[in-house]
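The values are calculated or read from the model by the stated rules, or taken from the named source; none is laboratory data. Keep in mind that this is a model prediction, so the values were computed, not measured. Counting neighbours? That spans all protein chains shown, and the Cβs are built from the backbone with ideal geometry, glycine included. Note: accessible area is taken over every heavy atom of the protein model, side chains too, but ligands, DNA and RNA are not part of it. Shrake-Rupley method; radii C 1.70, N 1.55, O 1.52, S 1.80 Å.
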Amino acid sequence: MYEFDPAWLAKLEQMRSEGREPYPNGFTVTHVSTELHEKAVGVEDPATLELGDVCIAGRVRFRNRMGKAMFLRVQDRGEARVADTDKDGNDVLRGGIIQVYLRRDEVGDEPFAHMKALDIGDFVWVKGFLMRTRTGELSVQAKEIAFAGKIMQPFPDRFHGMTDTETRSRQRYVDLFMNESTRTTFRRRSAILRYLRNFFWDRDFMEVETPMMQPIPGGANARPFQTHHNALDMELFLRIAPELYLKRLVVGGLERVFEINRSFRNEGVSQKHNPEFTMLEFYQAWATDRDLMDLTEELLVGLVDEVIGTRQVQFGDFDIDFSPPFRRADMDELIAEFTDLSREDCADPAKMEAFWRANQRVGDDEKLPDTRGKWWEWLFDAYVEGKLVNPTFVTGFPTEISPLSRRRDGEPDRVDRFELIIATWEIANAFSELNDPVDQAQRFADQVAARDAGDEEGMHFDHDYIRALTYGMPPTAGQGIGVDRLVMLLTGQTNIRDVILFPTLRHEQR
């Protein structure tokens, strides 16, 4: 049972003993603060707007009692975005909060007394008309005012707000009403998701939904979460990616599909990893990885133009330039650029191992890669990824680390695949899809062998997916974009917790 503070329970009892409901309902709201500020910008006398009575409602953030009059500041769902100037001529943003002016002789003795007794954070409803105070502050002068909802926690200090990252993530409901910056972040996240959907709808992609519980985890190399379905008496896995199901739809004739999906990976938690995360995945028949590079560039340039308004984006210590064209470079070309190795050296595992041993501290029991592809992964992670700031398409991946990608024509040890790196982070992964069922079956078998040898992230063998491919999949390219990381880049947040409303956290210590 939750332990309520007796003092706050007493307040509820007192209100009910007076015949007042602490949690009433049935209020009509006609305007939001931002809308009223927008209408009144540059208008000296709001009465000339001829709006008549306006009804607003929200949480009381400030109260100033002055005998027979009172000022309240009421916060609603509005956004602080209205450009205006204050009484001193300073530029300010209006919206989200609006002042209420009430006089006892206008609203009545009893409602006025109720407002004197409210706690900061309580909800009120106000009906009145727009006016300006002597200092020029836009206000609603109340003709009627009513109590609309009781808090039962002391309201956080309005000057110091809520700054602890752990508390903000755990009590997002408090963080949202205390911090305008948090509300701005999640409004922008919503705008980004809306843009992504519209982008693909406008290009004739169909939005679909695929299973979140799957009998075989597939579509990526990652550790899954496992559960048990009692009625069917079967093991299921939370999806690590929707890829194999989306490609089944392409086989079925849905040639352009996308899904903004929740996926799950039973792995570490860090500033850029959360076990539950959002991805955009899309697949386009009759397209190649090169087509998707063009499409992705168009998508991101349009997104920053629409949501940010500039192609120069500040993120932490990085100044990111989203101006096209984005750089495109093969993986071994970049390794050679940022190490002493040549591209020819990158074809020889022995030379890469010698370089590693000469430049890295290697323990006696450390298991080093023994193949070209694995060495490229190590060298890229250690020497390249942390150097790429502006959007860069990394291409020319080895086949052995790309089990779902089509082999590059003329170079069967490479695939038609790219990763998009921005500000040292992988933001997207894409490739021309492997639609040869025989080759795919062998790649699955290789992954199973790797799992049997101890690789917990190796893929399972998906027999039904192979069966789907035997019906024929047209030439297709597909891509996954990490939405959370993209939102981080475009909101300036360097911790993934700050762009997920309810991130995964350890149990709270009580």
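Residue count for region 339-358, restricted to those that are in contact (Cβ under 8 Å) with a residue 12 or more places away in the chain and under 14 Å from Ala382 (Cβ atoms): 8.
Annotation note: Cβ proximity below 6 Å between a residue of region 235-251 that is within 10 Å of Gln214 (Cβ to Cβ) and a residue that is open to solvent by 10 Å² or more (accessible area, probe 1.4 Å) and assigned to a helix (DSSP H, G or I) (sequence gap 6+ or interchain) occurs for no pair.
Evaluating Arg170 against the criteria (1) out of contact with any His (no Cβ under 8 Å at 6 or more places or on another chain); (2) surrounded by fewer than 20 Cβ atoms within 10 Å (Cβ to Cβ); (3) within 25 Å of Ala423 (Cβ to Cβ) leaves one unmet condition, (3). Does region 110-120 hold any residues that are surrounded by 20 or more Cβ atoms within 10 Å (Cβ to Cβ) and part of a loop (DSSP other than H, G, I, E, B), and which are they? None - no residue of region 110-120 is surrounded by 20 or more Cβ atoms within 10 Å (Cβ to Cβ) and part of a loop (DSSP other than H, G, I, E, B), so the list stays empty. Screening Asp294 on (1) outside any helix (DSSP H, G or I); (2) open to solvent by 50 Å² or more (accessible area, probe 1.4 Å) shows it passes everything except condition (1). Filtering region 379-400 to residues that are open to solvent by 20 Å² or more (accessible area, probe 1.4 Å) and modelled with pLDDT under 95 leaves only Glu400.
The helices (runs of 4 or more DSSP H) falling completely within region 401-510 that include 2 or more residues that are at pLDDT below 95, out of contact with any Pro (no Cβ under 7 Å at 6 or more places or on another chain) and charged (D, E, K, R) map to 437-452. In the set (1) open to solvent by 60 Å² or more (accessible area, probe 1.4 Å); (2) out of contact with any helix residue (DSSP H, G or I) (no Cβ under 6 Å at 6 or more places or on another chain), the condition left unmet by Arg188 is number (2). Looking across region 160-182, the residues that are over 24 Å from Arg262 (Cβ atoms) and either in a loop (DSSP other than H, G, I, E, B) or at pLDDT 95 or above (or both) come down to His160, Gly161, Met162, Thr163, Asp164, Asn179. Entry remark, region 299-324: residues being assigned to a strand (DSSP E or B) and among the aliphatic types (A, V, I, L, M) number 2 in total. Determine whether region 133-152 contains at least one residue that is at positive phi and either open to solvent by less than 30 Å² (accessible area, probe 1.4 Å) or at pLDDT 95 or above (or both). Yes, because at least one residue in region 133-152 is at positive phi and either open to solvent by less than 30 Å² (accessible area, probe 1.4 Å) or at pLDDT 95 or above (or both). Checking Asp416, Asp484 one by one, the residue that is in contact (Cβ under 8 Å) with a residue 60 or more places away in the chain and more than 23 Å from Leu196 (Cβ to Cβ) is Asp416 and no other.
Ala336 meets the conditions (1) under 25 Å from Asp416 (Cβ atoms); (2) open to solvent by 60 Å² or more (accessible area, probe 1.4 Å); (3) without any contact (Cβ under 8 Å) to a residue 60 or more places away in the chain in every case but one. The failed one is (2). Checked against the criteria, Ala428 does not count as surrounded by fewer than 20 Cβ atoms within 10 Å (Cβ to Cβ), closer than 30 Å to Gly316 by Cα and aliphatic (A, V, I, L, M).
Checked across region 445-461, the condition of being more than 23 Å from Ile481 (Cα to Cα) and touching a Lys or Arg at 6+ places or on another chain (Cβ under 7 Å) holds for at least one residue. Across region 267-302, the number of residues qualifying as within 14 Å of Thr504 (Cβ to Cβ) and not acidic (Asp, Glu) comes to 10. The set of residues in region 249-278 that are surrounded by fewer than 19 Cβ atoms within 10 Å (Cβ to Cβ) and either within 21 Å of the chain's Cα centre (by Cα) or more than 30 Å from Asp202 (Cα to Cα) (or both) comprises Ile260, Arg262, Asn266, Glu267, Gly268, Val269, Ser270, Gln271, Lys272, His273, Pro275, Glu276. Take Ala347 and decide whether it is out of contact with any helix residue (DSSP H, G or I) (no Cβ under 7 Å at 6 or more places or on another chain), open to solvent by 10 Å² or more (accessible area, probe 1.4 Å) and hydrophobic (A, V, I, L, M, F, W, C). For Ala347, the condition - out of contact with any helix residue (DSSP H, G or I) (no Cβ under 7 Å at 6 or more places or on another chain), open to solvent by 10 Å² or more (accessible area, probe 1.4 Å) and hydrophobic (A, V, I, L, M, F, W, C) - is not met.
For region 224-246, the set of residues classified as closer than 20 Å to Glu259 by Cα and of a type in the set (Val, Ile, Thr) consists of Ile240 only.
Filtering region 429-481 to residues that are closer than 13 Å to Leu244 by Cβ, within 28 Å of the chain's Cα centre (by Cα) and not polar (S, T, N, Q) leaves Glu433, Met459, Gly478, Gly480. Run Thr227 past the list (1) under 22 Å from Leu490 (Cα atoms); (2) of a type in the set (Val, Ile, Thr); (3) exposed (fewer than 15 other Cβ atoms within 10 Å of the Cβ) and report the number of the one that doesn't hold. Of everything listed in (1) under 22 Å from Leu490 (Cα atoms); (2) of a type in the set (Val, Ile, Thr); (3) exposed (fewer than 15 other Cβ atoms within 10 Å of the Cβ), Thr227 misses just condition (1).
Conditions (1) within 24 Å of Ile466 (Cα to Cα); (2) of a type in the set (Lys, Arg); (3) touching a helix residue (DSSP H, G or I) at 6+ places or on another chain (Cβ under 8 Å), marked per residue:
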position	(1), (2), (3)
Gln226	yes, no, no
Ala231	no, no, no
Leu236	yes, no, no
Leu246	yes, no, no
Arg265	yes, yes, no
Glu276	no, no, no
Glu281	yes, no, yes
Asp291	no, no, no
Glu306	no, no, yes
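Do any residues in region 201-216 that are touching a residue at least 40 places away in the same chain (Cβ under 8 Å) have Cβ atoms under 6 Å from those of residues that are assigned to a helix (DSSP H, G or I), where the two are at least six apart or on different chains, and which pairs are they? Here the result reads Thr210/Tyr245, each pair linking region 201-216 to a residue that is assigned to a helix (DSSP H, G or I).
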